[in-house]
Every structure is written in C-alpha cells, then in structure tokens.
Amino acid sequence: MKYLLDTHLLLWLAEGTASRNIRKVVESATAELYFSAASILEVAIKNNLKRADFQVDPHVFRRGLTDNGYVELPINSIHAAYVVNLEEHHKDPIDRLLIAQATVEGITLLTSDATIARYASSPISLVK
C-alpha cells in the first residue's frame, strides 16, 4: 500500500512521538512511504519563524526521510492545478496540496487531521 504522510505524522515519526497505531501502519511490510516536497517547504517555513518550540532543520529532516527509505514526491503543475477541484473544508495551502497530490497520484494520504479526512473524494486514511 502506498502512503503519502502528512507533515505532522512525518515529524512525530522523526521525533519518536508517533502513536502505536501510526507506527503499525508505516512499519507494515507492504507499506510504501512517500513524503511531499510540500512538507519540506512547511518545515522550512516554520524553521524560519525561529520559534523556540520548533527547531527542525529542513535539510536534516529531508535527509532523515530519504535515509529511512521514504520516497520523495515532487510537486508538479498537475498537482497544483488540481487544488481548484477540492472542496473548501481546509484552508491550509500545504494540506490542500498534499490532498491534491494524493488524489492525482492515487496514493493514500495518511493523516491525523480530521479536517483533511473530510475530503471523502480523495484517498485519505485517518489514523490517531
């Protein structure tokens, strides 16, 4: 099963704070794990805010993902254009792009965000 993980899940997995349910899904022998360039952008933006509660270097984060077998899903113009087809459940542009990527590529978006899970027309799996 192919999974595109949202940014929060990727961060929780990297920090070792992901729930057992999340770890069970991603550690499955049949799971093919993807991360989006949009998640790296989100981490870079948050890093630039210099908040004391967020100290993730996007370069180290990306390297950790690739070193652990995650496949990078680049953003292309089809993904960007598909955003116009999405309902207005969610206003976050990064999350909307992740939903579009998952839909266009036919990859299940793995998230813990119930608002993202409202996109029933997209392949989304809610995991807590």
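Any read-out appearing in this document is the output of simple, stated calculations on the displayed coordinates, not a laboratory observation. Since this is a predicted model, take the numbers as computed values, not measurements. Cβ atoms come from the backbone with ideal geometry, glycine included; neighbour counts cover every protein chain shown.
Residue order for Ile116, Ile99, fewest other beta carbons within 10 angstrom first, comes to Ile116, Ile99. A straight Cα-to-Cα reach below 16 Å connects Lys24 with the lysines Lys2, Lys128, residues fewer than 8 places away in its own chain not being considered. Here's the picture: a label point sits 7 Å out from the Cα of Leu41 along the beta-carbon direction, and within region 88-110 the residues with their amide nitrogen under 12 Å of it are 93-101. Look at Val84, Val104 and count the other Cβ atoms within 10 Å of each Cβ; fewest to most, that gives Val84, Val104. Per-residue ellipticity at 222 nm, computed for the chain from helices alone with -39500 (n - 2.57) per DSSP H run of at least four residues, works out to -13000 deg cm²/dmol.
Under 5 Å from the amide H of Glu32 lie the amide H atoms of Lys2, Tyr3, each residue being 5 or more positions distant or on a separate chain, with H modelled from the backbone and absent for Pro and chain starts. Which whole-number percent is the relative contact order of region 2-126 (Cα, under 8 Å, 6+ apart)? That works out to 29 percent. Label-to-label distance, Ala31 versus Glu15, with points set 7 angstrom from Cα along the beta-carbon direction: 1.8 nm.
If the chain linking Thr66 and Lys91 were pulled fully straight, counting 0.36 nm for each residue of separation and taking away their Cα-Cα distance, it would gain 6.1 nm.
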